[in-house]
Amino acid sequence: MPGGASGAGGRPGLGRPWRWRRRDDAAHASVLDLTDVDEVTMTLLAPPPRYQGLRRRVVDQFTLVSANRCRLARSVNWGPLDEVLTEVVPATGAGRVDTSGRLPAEVSVLVPVSTLSKRALVAFDLVGPGGTDAHLMPYGTSVAVQGNLVARLADAAGVPLEMPARRVVDAISRFRPGRLSGNYPGLLPPAGRPVRPDALAAYLALEADLDVPRPRLARWGELVADTERVLATALAEPFDALSSAETLLLAVGELWRDPDVPDGLDPDAIEGYLGAFVTWVDALVLAGPPAEPVLTTVAEYGRRWEALAAITVDPYRPFLIKSSEELRTVLVRGRAVPGGPGPGGPGQGGPGQGGGAGGSGVARWSARWRAALRPAALIDVESAGTGSYHVSIGTDDTSIELDTPVMVDQFGDPVGHTYIEDLQRNREVFAFYTTDARRPPRSRLVVRLSVSADVSRVTAAVGLLMLLTVVVSVLPIDLAPDAVAVITLPSSFAATLLLTRERSSLAAWVLGPAKTALLMLLVALAVLAGARAAGWRAPAETGSPSGVRAGALTAPAEVSAGPLGAPLASSGPRMESG
């Protein structure tokens with residue numbers, strides 16, 4: 001209400017709109033705050049089938065900024081929320097909201113922005129509808145909402161989530177891998193290997209002040225081993241040792257952070273929590289397919305978390321949320337790309353399908369050779385939970401060109417069918433669009449990178465000249481003084497290329513092998529030139545047939561000229577005739 005008026009409880013106004021929270025006359029309320037109503041948040045986070053189209057469109061724009069940074073700009077289009085707010089949140093008693101009738105022009109809700117991996121956010125920005133403020137909720141709020149969602153899914157599956165097991169679910173969500181990898185990097189296991197028991201014991205002692213004897217820790221490991229395998233199988237992704245759902249003992253160190261767990265440092269109580277969670281997961285397994293979403297959600301929250309934003313919207317109009325952040329660029333080199341040329345490319349079994357390598361043996365060998373020379377960027381895309389999904393990939397450096405990406409799953413195997421409906425591609429941008437509900441919810445794009453034709457032609461020409469110069473220098477031939485230019489000219493070109501700074505670190509990374517080869521040829525040429533100057537590869541001297549050293553043969557006697565040019569007698573012996 002405007003200032004000077006009285007609220008529902010008869011309190012005077014304070015010169016600002018009165019925030020309407022509970023049962024009131026919605027026709028006269030200025031703002032309806034539903035951020036603390038679980039029914040609304042749960043419906044928006046995991047909408048039932050009738051509300052699947054509420055999240056209409058997601059547009060992801062990936063820009064490769066450098067060899068280390070990738071910018072992601074995401075926009076999420078939502079439909080009007082009036083139907084959800086009037087049906088999902090009915091008046092259920094005293095103290096609850098009443099959303100019946102005409103809703104006010106402004107409603108505050110919590111909406112999911114994205115499911116993010118558990119990592120530090122870099123250059124994260126969030127903009128609400130019409131450029132208004134959007135507030136990213138604290139991580140603790142996301143943990144509580146995720147626990148409520150798991151409990152709701154468990155009730156729907158007929159396996160309620162009891163409170164002791166709920167404490168472990170919250171601990172799984174609360175754990176962040178940075179607690180181990182950032183604070184104690186020496187305890188990290190090798191890639192693809194589980195965390196060592198001694199590393200687990202050291203982590204619990206250092207991070208949670210929880211000294212667990214080795215026999216008890218081993219007993220806990222045996223207790224949760226089958227449960228860890230069940231959750232890993234439900235998620236169907238490569239093993240991650242720092243996932244708190246696949247290494248459940250990492251979540252033990254988070255129990256003491258829960259304000260609802262007074263005995264989070266008591267080993268006996270911890271064992272009881274773990275036992276309750278294991279029993280609950282076993283019941284989910286026995287429940288069959290209806291409980292699969294519960295297992296998948298719990299396993300996913302071991303690796304990711306729900307980013308929630310508090311925004312104010314007009315419930316009768318669609319709205320748009322924009323976010324941007326910087327990700328780490330994942331680059332690989334020398335790895336053959338599985339499958340065919342990519343979504344919508346030639347050689348596929350059908351539109352949008354990834355086909356086999358195909359072709360003759362020469363073609364396959366050529367493809368492997370090019371794959372070894374051309375690096376690739378790996379980009380993870382998430383297209384689930386929305387009506388349509390749009391993605392585009394480009395670079396900030398115009399000297400970098402993109403090849404048609406190959407879509408693979410989390411294990412690196414080509415996706416059988418991408419369900420792409422339309423695409424646009426050129427040398428600088430690749431974009432595609434899909435609305436098919438059968439599309440893979442989470443996949444990876446392998447994008448081959450190369451430099452533009454003008455740069456690659458010059459680099460290849462200089463490299464060929466350098467190679468020929470090195471070969472000529474190795475051959476046992478006598479180089480005339482004029483041949484110095486033959487060596488100097490390619491060397492100067494190669495040195496210029498090596499000293500020229502690329503437009504970006506991404507271009508420098510792509511050209512890395514070519515420049516390394518030029519540097520090696522330049523060093524080899526310098527070494528060969530020095531060796532030739534020292535006498536290596538000098539022309540061989542001709543020898544006598546009898547094996548006598550050249551220059552030791554008897555020469556004709558020298559004749560000296562007299563004063564008047566008459567020849568003088570030779571100083572050597574002569575024979576006189578009789």
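So that you can scan it fast, the table gives a plain yes or no per residue for (1) free of Cβ contacts under 8 Å to residues at least 60 places away in the same chain; (2) assigned to a loop (DSSP other than H, G, I, E, B):
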| position | (1), (2) |
| --- | --- |
| A191 | yes, yes |
| D198 | yes, no |
| A234 | no, no |
| D240 | no, yes |
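The sole residue among T418, T488, T404, T459 that is farther than 17 Å from I379 by Cα and in contact with a strand residue (DSSP E or B) (Cβ under 8 Å, 6 or more places away or on another chain) is T459. Scoring D240 on the criteria (1) out of contact with any Phe, Trp or Tyr (no Cβ under 9 Å at 6 or more places or on another chain); (2) open to solvent by less than 50 Å² (accessible area, probe 1.4 Å) leaves a single failure, condition (2). Show the residue pairs meeting these rules: Cβ distance below 9 Å; 6+ apart or different chains; first residue within the range 171-189 and farther than 29 Å from N148 by Cβ; second residue in a loop (DSSP other than H, G, I, E, B) and β-branched (V, I, T). Final answer for the pair search is L187/V195; L188/V195; P189/V195. Do we find that R21 is modelled with pLDDT under 90, surrounded by fewer than 15 Cβ atoms within 10 Å (Cβ to Cβ) and among the basic types (K, R) in this structure? No, not satisfied. Residues considered: A191, A232. Of these, the only one that is surrounded by fewer than 18 Cβ atoms within 10 Å (Cβ to Cβ) and under 27 Å from the mean Cα position of the chain (by Cα) is A191. Residue-level check: of (1) farther than 25 Å from S142 by Cβ; (2) open to solvent by 40 Å² or more (accessible area, probe 1.4 Å); (3) without any contact (Cβ under 8 Å) to a residue 24 or more places away in the chain, A205 misses just (2). Here are S392, S399: which of them is in contact with a Lys or Arg (Cβ under 6 Å, 6 or more places away or on another chain) and either surrounded by 18 or more Cβ atoms within 10 Å (Cβ to Cβ) or of a type outside the set (A, V, I, L, M) (or both)? Residue meeting the stated conditions: S399. Condition check for L489 on (1) over 15 Å from A529 (Cβ atoms); (2) open to solvent by 50 Å² or more (accessible area, probe 1.4 Å): one failure, at (1).
To keep it simple, each residue is scored yes or no on (1) under 30 Å from A287 (Cβ atoms); (2) touching a Leu at 6+ places or on another chain (Cβ under 9 Å); (3) among the hydroxyl-bearing types (S, T, Y).
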| residue | (1), (2), (3) |
| --- | --- |
| A191 | no, no, no |
| P197 | no, yes, no |
| L204 | no, yes, no |
| P215 | no, no, no |
| E228 | yes, yes, no |
| A234 | yes, yes, no |
| S243 | yes, yes, yes |
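Please determine whether any residue of the range 245-258 is farther than 16 Å from K118 by Cβ, among the basic types (K, R) and either touching a residue at least 60 places away in the same chain (Cβ under 8 Å) or open to solvent by 20 Å² or more (accessible area, probe 1.4 Å) (or both). Scanning the range 245-258, I find no residue that is farther than 16 Å from K118 by Cβ, among the basic types (K, R) and either touching a residue at least 60 places away in the same chain (Cβ under 8 Å) or open to solvent by 20 Å² or more (accessible area, probe 1.4 Å) (or both), so the answer is no.
Modelled with pLDDT under 90, open to solvent by 20 Å² or more (accessible area, probe 1.4 Å) and of a type in the set (A, V, I, L, M) - does that describe any residue in the range 72-85? No, the range 72-85 contains no residue that is modelled with pLDDT under 90, open to solvent by 20 Å² or more (accessible area, probe 1.4 Å) and of a type in the set (A, V, I, L, M).
Taking the listed residues T418, T434, the one that is open to solvent by less than 30 Å² (accessible area, probe 1.4 Å), within 18 Å of Q61 (Cβ to Cβ) and not hydrophobic (A, V, I, L, M, F, W, C) is T434, with no other qualifying. Here A529 passes the criteria (1) at pLDDT below 75; (2) surrounded by 10 or more Cβ atoms within 10 Å (Cβ to Cβ) except the one numbered (1). Filtering the range 48-62 to residues that are assigned to a strand (DSSP E or B) and either among the hydrophobic types (A, V, I, L, M, F, W, C) or open to solvent by 20 Å² or more (accessible area, probe 1.4 Å) (or both) leaves R55, R56, R57, V58, V59, Q61, F62.
Counting the residues of the range 60-77 that are farther than 15 Å from I393 by Cβ and among the hydrophobic types (A, V, I, L, M, F, W, C) gives 2.
Of the residues that sit in the range 124-139 and are in contact (Cβ under 8 Å) with a residue 24 or more places away in the chain and assigned to a helix (DSSP H, G or I), which one is nearest to the chain's Cα centre (by Cα)? For the range 124-139, the residue satisfying everything is Y139.
Test L45 against the criterion of being at pLDDT 80 or above and either more than 30 Å from E428 (Cα to Cα) or open to solvent by less than 40 Å² (accessible area, probe 1.4 Å) (or both), and give yes or no. Against the criterion (at pLDDT 80 or above and either more than 30 Å from E428 (Cα to Cα) or open to solvent by less than 40 Å² (accessible area, probe 1.4 Å) (or both)), L45 qualifies.
The values are calculated or read from the model by the stated rules, or taken from the named source; none is laboratory data. Note that this is a predicted model, so its numbers are computed, not measured. Positions of Cβ are backbone-derived with ideal geometry, glycine not excepted, and every protein chain shown enters the neighbour counts. Each accessible area value is taken on the protein alone, full model and side chains, heavy atoms only, with ligands, DNA and RNA left out. Shrake-Rupley method; radii C 1.70, N 1.55, O 1.52, S 1.80 Å.
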